[in-house]
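Trainee: This is the structure I want to talk about, given as structure tokens.
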Amino acid sequence: MHKTLKKTFNTSRAAAMALALTCSLGAGSVLAVSISEELNQSPDVKQFHELDTNGDGHLNASEASRDSFYTKEHFNAADKNKDAKLTQQEYSDYKTAQQKKNVGRVVDDSTITAKVKANIVKEEGFGGLQVSVETFKGVVQLSGFVNSKVQIQKAGEIAKSVEGVKSVKNNLLVKS
Ligand SMILES: [Ca+2]
Ligand SMILES: [Ca+2]
């Protein structure tokens with residue numbers, strides 16, 4: 001008895017769903033598709049379609065070159081299967097990977113800057129001195145004024161000892 005009821009329920013539910021599906025295949029389907037595309041599309045996907053001017057689903061070198069990111073070098077690196085054109089996948093994967101790399105680099109640089117600053121401030125005799133620290137791609141630039149040549153050297157050593165530092169441009173000057 002109970003089983004029969006349940007079965008009836010399931011059947012009518014399936015019918016209702018089928019009906020809903022049929023309805024959505026009407027006028028609503030275009031809207032439904034465009035909304036889901038909108039949701040799934042990252043900016044890269046949109047850009048890809050914009051760049052694909054001949055609409056063949058691939059970017060050739062001249063189509064890709066309209067994206068300032070895709071220099072010839074980047075294009076070749078992104079073209080994994082070397083067919084001289086980029087699929088959506090190739091286009092997005094490479095660009096995303098590169099962008100992530102760039103973000104990582106910026107974070108590393110700012111971490112380095114913070115550590116160098118903190119270590120210099122901790123050093124005896126550096127309190128109250130204006131030492132400015134800037135980092136780009138692991139290269140630390142020190143500038144500002146200190147009290148002695150020894151301090152210039154010391155600050156340089158401190159900067160060099162921070163993890164991730166490739167080199168130090170020591171532009172510190174002795175206050176005159
Ligand atoms: Ca194309
Ligand atoms: Ca390719």
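Trainee: Across the range 107-174, how many lysine pairs separated by 8 or more positions, or lying on different chains, have Cα atoms within less than 21 Å?
Mentor: For the range 107-174, the number of qualifying lysine pairs is 23.
Trainee: Note down the nm distance, to one decimal, between modelled labels 7 Å out along Cα→Cβ at Ser132 and at Ser42.
Mentor: Distance between the two pseudo-spin positions: 3.6 nm.
Trainee: Then there's this: Applying a 10 Å radius around every beta-carbon, put 90-99, 124-133, 159-168 in order of their mean neighbour count, most first.
Mentor: Order by mean packing, descending: 90-99, 159-168, 124-133.
Trainee: How charged is the neighbourhood of Asn60? Take every other residue with its Cβ under 13 Å from the Cβ of Asn60, and add Lys/Arg as +1 and Asp/Glu as -1.
Mentor: Spelling it out: positives minus negatives among the neighbours equals -4.
Trainee: Name the aspartates and glutamates eligible as straight-distance cross-link partners of Lys95: C-alpha to C-alpha under 19 Å, and not fewer than 8 places from it in the same chain.
Mentor: Here the aspartates and glutamates satisfying the reach criterion relative to Lys95 are Asp44, Glu50, Asp52, Glu63, Asp67, Glu73, Asp79, Asp83.
Trainee: Work through the residues other than Val174 whose Cβ is under 13 Å from its Cβ and net out their charges, Lys, Arg +1 and Asp, Glu -1.
Mentor: Computed value for this residue: +3.
Trainee: Want the number for Lys160 to Val121: 0.36 nm per residue separation, take away the alpha-carbon distance, what's left?
Mentor: Extra length from Lys160 to Val121 when fully extended: 12.5 nm.
Trainee: Which net charge results for the neighbourhood of Lys154, defined as the other residues with beta-carbon distances under 13 angstrom from its beta-carbon, given Lys and Arg at +1 and Asp and Glu at -1?
Mentor: Taking every Cβ under 13 Å from that of Lys154, the sum is 0.
Trainee: On to the next question. Using R₀ = 35 Å, calculate the FRET efficiency as 1/(1 + (r/R₀)^6) where r is the Cβ-Cβ separation of Ser143 and Gln98; round to 0.05.
Mentor: With a Förster radius of 35 Å, E is 0.70.
Throughout, read-outs are computed from the coordinates displayed, never taken from laboratory work. Owing to the predicted nature of the structure, the values given are computational and were not obtained by experimental measurement. Positions of Cβ are generated from backbone atoms using ideal geometry, with glycine treated the same way; all protein chains shown enter the neighbour counts.
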